[in-house]
Amino acid sequence: MKEDKQPNIDHSQKWLFKIGKNKIQAFQDSFAKAFDISLCILNLEGKPLTVWSNSSLFCYDIYQQNNHRCQMERQNVISHVLLNQKQYIYSCYMGRCNFVVPIMFNKQVIAIGMGSLLNDYCYGTERANDKLDMLIELLLNSFALLNQVPVSEEVVEEEPVHSSSELFLLENKITKREIEVINKLYRGLSNKEIANKLNISEATVKTHITNILNKLGLKDRIELIIFLKQNELDL
């Protein structure tokens with residue numbers, strides 16, 4: 001009974017670990033590109049489990065300016081989906097057409113799929129309604145197929161539970177020391193200050209930063225900071 005009262009983040013992390021984050025991310029990227037949408041998988045608290053596919057720069061700018069309002073709206077629609085156990089289509093306060101779908105596993109909602117249309121169609125015309133309904137149905141059916149994992153591959157209860165940020169970093173082979181460097185970078189420390197905090201040389205700090213950027217496919221520390229904020233990685 002105790003586990004049933006607090007399933008949210010534990011179950012979403014175990015599901016991600018069990019199916020494979022790379023597998024889910026690859027599917028998400030392909031689906032978003034095929035249908036010209038932004039798409040991300042969130043835990044039940046509204047935190048990203050994957051990296052946004054086709055992330056909208058417009059939405060990113062709005063989110064930075066109205067972080068609190070966007071988070072409140074996101075949590076409200078997630079609560080609506082959890083209460084009704086079905087997809088929900090809505091226009092955000094900036095007029096973008098969004099949809100939210102429950103991702104089921106073992107007859108339980110363990111994650112949320114959130115998408116945003118990048119073109120101008122939304123509910124209102126018969127053609128738009130049919131296209132969006134088809135897109136959502138295909139997405140739900142695709143996740144049902146992804147979730148068909150053999151019983152022998154199930155994660156045992158003793159498997160250590162990682163936060164979504166830890167899972168992301170583990171998947172990208174970020175080391176413990178590199179996480180410490182990212183932590184300091186995120187807080188605005190210079191290379192010299194990081195070196196002093198971690199008792200290493202500036203040259204070593206630069207090496208760590210280069211390795212981090214290469215692993216994440218980023219160009220510089222500015223892109224790294226934006227990337228961390230956009231994906232809400234809690235380090």
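Things to note:
- If you plug the beta carbon distance of H80 and E223 into 1/(1 + (r/R0)^6) with R0 = 45 Å, you get a FRET efficiency near 0.85.
- Spacing of the modelled spin labels on L118 and N147, each 7 Å from Cα toward Cβ, amounts to 2.7 nm.
- Loop sites in region 180-215: trypsin sites (Lys or Arg not before Pro), DSSP, at most 12 other Cβ within 10 Å: R187
- Potential lengthening of the chain between K206 and K33 amounts to 58.8 nm, from the contour at 0.36 nm per residue minus the alpha-carbon distance.
- Distance in nm between pseudo-label sites at K131 and E180 (7 Å out along the Cβ direction from Cα): 5.2
Only the coordinates and a few stated rules stand behind these numbers; no lab work does. Keep in mind that this is a model prediction, so the values were computed, not measured. All Cβ positions, glycine included, derive from the backbone under ideal geometry; neighbour counts span all protein chains shown.
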